[in-house]
Structure formats: C-alpha cells, structure tokens
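Here is the structure we will look at.
Since every read-out is calculated from the coordinates, none of them should be taken as a lab result. Everything numeric here is computed off the predicted structure, so don't read it as measured data. All Cβ positions, glycine included, derive from the backbone under ideal geometry; neighbour counts span all protein chains shown.
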C-alpha cells in the first residue's frame, strides 16, 4: 500500500511540475510579445516626434502640396491613436496610410531642388527612413513572438493550462497590400 501511494504521489508531482513548466513558458511568451510591442512603440513615438519637423520643413518649399502634407499629418494622428489604444488592426491600417503619405511626400520632394538640398530635410528624410526600416524589423520580431504565443496556446497540453489561466491570442501587425506596392511616381507628378 505504501508503494502505490508513493507512485501515485510521484505521478501527481510530475504532472504538477509539468503544468508549472508549461505555465512558465506561456508567461515567458506573453512577456516576449509585450517586449516586442514595446520596441515597436518606442520607434513609433520617435517617428511621431520627427514628422512635424519634416512637414514644417517641407511647408517652406512645397506650399501648393498642402493636400500631401495634410495627408501625412492626418495619418500621423491615426497611428498615434491606434498606438495609444494598442489597437493592432487599426495600427496596421494607419501605418499603411502613413507610409503611403510619406512615399508620396518624398516623391514630390524630387520636384523641389531647394528642398532636396536643404540639410534639415535630408537629415529628417534619412532619420525617418531609418525609423521605417527599424519599425519593419521590429514588426517582424513582434509577429514572430505573437505567432509563437498563438501556436503554444492552441497546442495540447498547453491549451489546457492556457485556457485555465486565460492566456489569450494576440493579433499580428499587418500592413495592407497597397502599402507593400511600389509608388507610382509618374502619377504623383501628373496632378
């Protein structure tokens, strides 16, 4: 009788230990997603701070391109709202708008030699381009962390622990197909 009690107790300890390991792995994945989001958030804030400087610099040279400048400012506000609300779906859409507006702005700047030669514009354009590249890199890391989390909470036996402790799936940060498409520069100059 004592041996069967020890065996039963040993099995229960192993099951509990395995449950603790699964729980700890799920917690680590959840925090990995949060960290990846935080890294994107920092870059979005930095770009958010740079955009008004870029628009102000462009205003001095591109007076009649007001629609393009307003499009960038409007998109900047949409990104900021989505970021603050941590609405990943809305952020993806707002990022698409902002990137399209920036592409259009940079393409139109080609028609303004004085603007292109302005060191402030060159610095801001380079800074924003660097931030865009960093955001794209961080987005990939974020989506990887989200994917790992979402897979683990759906796999057996992890899903038992995930459901019991209410671990949730996260949304991927995706941009629309139009954001990935090349900008038609000819169309921008034929307005």
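The table for this structure:
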read-out	value
Rounded FRET efficiency, nearest 0.05, which uses the C-beta distance separating residue 16 from residue 38 and R0 of 35 Å	0.60
Acute angle (nearest 10 degrees) that the helix 2-59 long axis makes with the longest principal axis of the chain, alpha-carbon atoms	10 degrees
Choice from 163, 99, 152 with maximal GNM fluctuation in the chain (Cα, 10 Å cutoff)	163
Region 46-115 versus region 139-164: alpha-carbon centroid distance in Å	35 Å
Residue among 63, 101, 92 with the largest mean-square fluctuation in a Gaussian network model of the chain, springs linking Cα atoms under 10 Å	63
Taking 175, 156, 170 and counting other C-beta atoms within 10 Å, the order from fewest to most	156, 175, 170
Over region 50-153, equivalent-ellipsoid semi-axes from the Cα gyration tensor in Å	31, 15, 10
Sequence-separation-based contact order of the chain, relative, with Cα cut under 8 Å and 6+ spacing, percent	31 percent
Folded to 0 to 90 degrees: helix 66-84 orientation relative to the chain principal axis, Cα	20 degrees
Solution diffusion estimate, µm²/s, Stokes-Einstein, the chain, Kirkwood Rh from C-alpha pairs, 20 °C, viscosity 1.002 mPa s	110 µm²/s
Residue 90-residue 112 FRET efficiency (beta carbon distance; Förster radius 35 Å; 0.05 resolution)	0.60
Packing-based exposure ordering (other Cβ within 10 Å, fewest first) of 20, 146	20, 146
Cα long-axis angle, helix 119-152 against the chain (0 to 90 degrees, to the nearest 10)	20 degrees
The chain: most fluctuating residue of 15, 40, 151 per GNM, C-alpha cutoff 10 Å	15
Mean projection area, nm², convex hull over Cα of region 1-78	6.7 nm²
Estimated translational D of region 41-81 in µm²/s (Stokes, Kirkwood radius over Cα pairs; 25 °C; 0.890 mPa s)	231 µm²/s
